Amino acid sequence: QVQPVESGGGLVQAGGSLRLSCVSRTRTFNNYAEGWFRQAPGNQREFVAAILYSDGSPRYVDSVKGRFTISRDNSKNTVYLQMNSLKPEDTAVYYCNDDLRWVSNMWSAFGSWGQGTQVTVSS
C-alpha cells in the first residue's frame, strides 16, 4: 500500500498559522473518512480531525475546534489541515490517514501512515 505524503509543518510562534497537506494515492471513497492524527513526544498518537467521504463534513477533537479547519481537493488527491491560533500544546508530529473509522466511540485509523510532518509552536 502506498504511504501518504505529508508536508507543510514547521516552526511557528504561538498565535501563528500553518497549513498542512497530505497527498494520498490510495484514497478509497468507499471508506468512511480521512484525516489527521498527531503525536507529541512521550504521548500516544491522537485524533485531530476527519473529513467524511460521503458529504465532506468535518469532525474535530475538542481542543482544536474553532482553530483548525480540514478540507480536501479531490482533483489533487489531497487533504489539508489549516491550523490557526496555534498553541505550544499543538506541538507534535502530524500524520494523515485515508481510512478513518468511528469505532467504539472513538476515531481509529486503518490505512497506512506516512512519515508525518513536524509542527513546533514556540511560546
**OP:** Would you be so kind as to identify which of Y95, Q82, G114 lies farthest towards the positive end of the dipole of segment 31-123, taking Lys and Arg as +1 and Asp and Glu as -1 on Cβ and the Cα centre as origin?
**Re:** Q82
**OP:** Specify which residue in the list C22, F37, I51 is farthest towards the positive end of the charge dipole of segment 1-91, using unit charges on the beta carbon of Lys, Arg (+1) and Asp, Glu (-1), about the Cα centre.
**Re:** C22
Subject >> Computed magnitude of the charge dipole of the chain (debye, nearest 20; Cβ of K, R +1, Cβ of D, E -1) >> reply: 100
**OP:** Leaving out ligands and nucleic acids, note down the accessible area per residue over the chain with a 1.4 angstrom probe, in whole Å².
**Re:** 52
**OP:** Pop a pseudo-label 7 angstrom from the Cα along the beta-carbon direction at both N105 and Y32 and give the gap in nm to one decimal.
**Re:** 1.5
Original post:
So what J values fall out for segment 90-96 if you push phi through Karplus, 6.51 cos²θ - 1.76 cosθ + 1.60 with θ = phi - 60°, rounded to Hz, Gly and Pro as x?
Top reply: 7, 4, 4, 8, 9, 10, 10
Original post:
Under a point-charge model restricted to the Cβ atoms of Lys and Arg (+1) and Asp and Glu (-1), what is the dipole moment magnitude of segment 52-111 relative to its Cα centre, in debye to the nearest 20?
Top reply: 100
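The values are calculated or read from the model by the stated rules, or taken from the named source; none is laboratory data. Everything quoted here is computed from the prediction, not taken from an experiment. Counting neighbours? That spans all protein chains shown, and the Cβs are built from the backbone with ideal geometry, glycine included. Note: accessible area is taken over every heavy atom of the protein model, side chains too, but ligands, DNA and RNA are not part of it. Shrake-Rupley method; radii C 1.70, N 1.55, O 1.52, S 1.80 Å.
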